């Protein structure tokens with residue numbers, strides 16, 4: 001395990017994002033070596049002048065030990081790419097944040113997560129739709145992800161908590177700063193039944209430019225994103241675009257065509273970028289989440305094995321009969337059917353009738369770049 005002080009140090013440096021950090025790791029072999037490298041070596045990795053100047057200035061003016069002490073005193077957990085508990089879904093995206101700051105607790109069950117996002121200027125209809133969806137999903141043991149913003153985001157968090165479920169808020173500032181400030185009590189409740197998460201260092205103010213990039217984390221933590229009211233330029237639509245780029249499902253609640261903040265959601269539906277939803281069952285069926293509690297339990301007791309990996313190689317979005325699967329993998333039918341049954345409980349495959357199986361969506365958009 002590498003020293004987290006150096007992850008923290010690079011996370012503080014402006015203009016050192018995931019791509020540049022990967023380049024530094026590839027060149028030096030460790031972040032410790034990169035932190036102590038001389039300027040000519042750092043320039044050889046492809047850092048531009050501003051990034052190099054930022055790095056040299058930061059490492060000359062901060063104490064890594066003191067910065068780590070700040071994190072520990074704040075009761076914040078710091079996760080990096082090196083940590084096994086770093087969220088699996090988020091790790092899969094191209095620009096996964098190298099460092100996550102967490103107040104509260106992330107759990108394995110949070111892999112079953114849906115994002116619900118929308119406008120800060122929500123109508124009564126929008127609030128009610130967000131509340132109903134979040135509450136019902138939470139009752140089905142699905143974690144609700146949102147951004148703690150006014151309007152739809154806050155409604156989704158509150159509904160999940162009222163239903164006794166888990167919820168995670170992704171912030172556009174440091175996790176030691178609650179924004180908007182009127183959501184302080186809500187944030188405390190979220191930390192007790194989920195977590196506040198950010199990739200911004202402690203003390204980072206909630207500046208406008210921070211929010212669009214953080215939306216990739218909202219969608220990245222989620223199997224799918226539900227948009228409830230949002231105009232064409234809203235943060236909710238940015239989250240939807242990130243979800244599409246990440247090959248995750250997007251859903252939208254249809255809205256009043258005369259209301260500006262329904263224009264974005266209605267366009268997503270019209271253009272085929274989002275699936276229209278009328279109830280929570282539309283989401284559960286599309287993502288094969290109708291048996292979440294059973295899937296979570298089986299994942300705990302029956303981890304993936306070579307048989308499952310072999311079967312997945314011979315399954316796709318097109319139905320394949322169990323006899324054809326047996327011939328392809330050259331395994332006894334009893335072993336194949338037993339494995340497929342467990343895989344269906346885990347949400348990895350689906351039986352679509354007549355002993356035919358397909359790969360379950362598991363949050364991925366089949367047929368769009370696959």
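Here, each number is a calculation from the coordinates, and none is a lab measurement. All figures in this text were calculated on a predicted structure; none of them were measured in a lab. Cβ placement follows ideal geometry from the backbone for every residue including glycine, while neighbour counts extend to all protein chains displayed.
Along Cα→Cβ, 7 Å out, is where each label goes; now give me the distance between the ones at residue 257 and residue 38 in nm to one decimal.
7.0 nm
Binning at 5 Å from 0, report for segment 1-51 what percent of all alpha-carbon pair distances ends up in each bin.
Calculated over all Cα pairs of segment 1-51, the distribution is 4, 22, 36, 30, 7, 1, 0 percent.
Using only Cα atoms and rounding to the nearest 10 degrees, what angle (0 to 90) does helix 235-245 make with the longest principal axis of the chain?
Its long axis makes an angle of about 70 degrees.
How big is segment 104-286 by Rg and Dmax over its Cα atoms, in Å?
Using the Cα atoms of segment 104-286, the pair Rg, Dmax is 14.6, 42 Å.
Report the full-extension gain for the segment residue 68 to residue 188: residue separation times 0.36 nm, less the Cα-Cα distance, to one decimal in nm.
Separation in residues times 0.36 nm, less the Cα-Cα distance, equals 40.9 nm.
As an exercise, use a Förster radius of 22 Å and the Cβ-Cβ distance of residue 124 and residue 150 to find the FRET efficiency, rounded to the nearest 0.05.
Values: r = 15 Å, r/R0 = 0.67.
So, using R0 = 22 Å, E works out to roughly 0.90.
How would you rank 275, 330, going from fewest to most other Cβ atoms within 10 Å of each one's own Cβ?
Lowest count first: 330, 275.
Helix 211-220 sits at what angle to the longest principal axis of the chain, using alpha carbons and giving 0 to 90 degrees rounded to 10?
40 degrees
I'd like the distance between the alpha-carbon centres of segment 225-275 and segment 131-187, rounded to an integer number of Å.
Answer, in whole Å: 19.
Quickly rank 196-207, 218-229 as a protection proxy: mean count of other C-beta atoms within 10 Å, highest first. Working shown, then result.
On the way: 196-207: 19.4, 218-229: 29.6.
Going by the mean number of other Cβ atoms within 10 Å, highest first, we get 218-229, 196-207.
Compare 160, 208, 135 in a GNM of the chain, Cα atoms joined below 10 Å, and give the one with the largest fluctuation.
208
Gap in Å between the Cα centre of segment 72-90 and the Cα centre of segment 1-38?
Using only Cα atoms, the two centres lie 16 Å from each other.
Build a GNM of the chain with springs between Cα atoms under 10 Å: which of 131, 157, 121 gets the top mean-square fluctuation?
In this elastic network of the chain, the residue with the biggest mean-square fluctuation among 131, 157, 121 is 121.
Provide Rg and Dmax in Å for segment 152-251, with only Cα atoms included in the calculation.
Gyration radius and largest Cα-Cα distance of segment 152-251: 13.2, 34 Å.
Any chance you could list the semi-axes, whole Å, largest first, of the equivalent ellipsoid that the Cα gyration tensor gives for the chain, using √(5λ)?
Taking √(5λ) for each Cα gyration eigenvalue gives 35, 28, 19 Å.
Taking every DSSP beta bridge that has both residues in the chain, what percent is antiparallel when rounded to the nearest 5?
40 percent
Would you mind calculating the gained length between residue 321 and residue 139 on full extension (0.36 nm times residue separation, minus the Cα-Cα distance), in nm to one decimal?
62.1 nm
Counting other beta carbons within 10 Å of each residue's own, what order do 112, 27 fall into, fewest first?
Details: 112 24, 27 16.
If I rank by nearby Cβ atoms, fewest first, I get 27, 112.
Would you list 117, 250, 76 from fewest to most Cβ contacts within 10 Å?
Lowest count first: 76, 250, 117.
Note the full-extension length gain between residue 83 and residue 355 as 0.36 nm times their separation in residues minus their Cα-Cα distance, in nm to one decimal.
Stretched fully, the residue 83-residue 355 segment lengthens by 94.0 nm.
Between residue 232 and residue 276, what FRET efficiency comes out of the Förster formula 1/(1 + (r/R0)^6) with R0 = 22 Å and r the beta carbon distance, rounded to 0.05?
In this case the efficiency is close to 0.80.
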